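Since the structure comes first, as structure tokens, the remarks are kept for the end.
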Amino acid sequence: MYGMSGPHLIRGSVSLPEAELMWRFSRSSGPGGQHVNTSDSQVELRFDLARTEALPEVWKRRALERLASRLADGVISVRASEHRSQWRNREAAAVRLAALLAEATAPPPRPRRPTRVPRGINERRLREKKQRSETKRGRSAKDWG
């Protein structure tokens, strides 16, 4: 598949290895006129995540864990059929796979460190609450007689 718009980066300097991508083409549904009956414009791109050597081991473990529901025997599959041209669908599928792997291999977010509410804020809240209470108590029915 030479001539595509360069390697599709996952993150940093790691990109999708061209040799490990498996492409399948089929007829796409949808608009297209007479030409649609003869062209295989739908693209299915498969990538063997479990056996790849292109990803660092930590990333691979993380991706296998996060994408477990989408994997079939360790293989991730992405489909593209939104364009009428096979070329553009190939591009869309490769970009989609790279984005999926980038998200799946991202490091986990740093854990949130709980912080205490400052005393001044808490005191102000209680003071305003007391004022509101006094205002409402002043409206009681005892004065309406």
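The values are calculated or read from the model by the stated rules, or taken from the named source; none is laboratory data. Since this is a predicted model, take the numbers as computed values, not measurements. Note that each Cβ is placed from the backbone with ideal geometry, even for glycine, and that neighbours are counted across all protein chains shown.
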Could you list all residues from segment 96-125 that are outside any helix (DSSP H, G or I) and either among the polar types (S, T, N, Q) or within 34 Å of the chain's Cα centre (by Cα) (or both)?
-> Ala106, Pro107, Pro108, Pro109, Arg110, Pro111, Arg112, Arg113, Pro114, Thr115, Arg116, Val117
Just one of Arg110, Arg119, Arg127, Arg79 is within 20 Å of Gln42 (Cα to Cα) and not hydrophobic (A, V, I, L, M, F, W, C); which is it?
-> Arg79
Pairs under 9 Å by beta carbon, first residue at pLDDT 75 or above in segment 17-40, partner part of a helix (DSSP H, G or I) and charged (D, E, K, R), six or more apart or different chains?
-> Trp23/Arg90; Phe25/Arg90
Matching residues in segment 73-107 - criterion: being of a type in the set (Gly, Ala, Ser) and touching a Leu at 6+ places or on another chain (Cβ under 6 Å) = Gly74, Ala93, Ala98, Ala104
Of everything in segment 89-120 that's surrounded by 10 or more Cβ atoms within 10 Å (Cβ to Cβ) and among the β-branched types (Val, Ile, Thr), which residue is farthest from Val58 (Cα to Cα)?
-> Val95
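Table: residues versus (1) more than 16 Å from Arg24 (Cα to Cα); (2) surrounded by fewer than 13 Cβ atoms within 10 Å (Cβ to Cβ).
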| position | (1), (2) |
| --- | --- |
| Glu53 | yes, yes |
| Ser69 | yes, yes |
| Gly74 | yes, no |
| Ser81 | no, no |
| Gln86 | no, no |
On the given criteria, is Val78 modelled with pLDDT of 90 or more, of a type in the set (A, V, I, L, M) and outside any helix (DSSP H, G or I)?
-> yes
Could we say that Ser5 is among the hydroxyl-bearing types (Ser, Thr, Tyr), part of a strand (DSSP E or B) and either within 28 Å of Pro107 (Cβ to Cβ) or modelled with pLDDT of 85 or more (or both) here?
-> no
Residue that is touching a residue at least 12 places away in the same chain (Cβ under 8 Å), of a type in the set (Ser, Thr, Tyr) and at negative phi, where the choices are Ser133, Ser85, Ser69 | Ser85
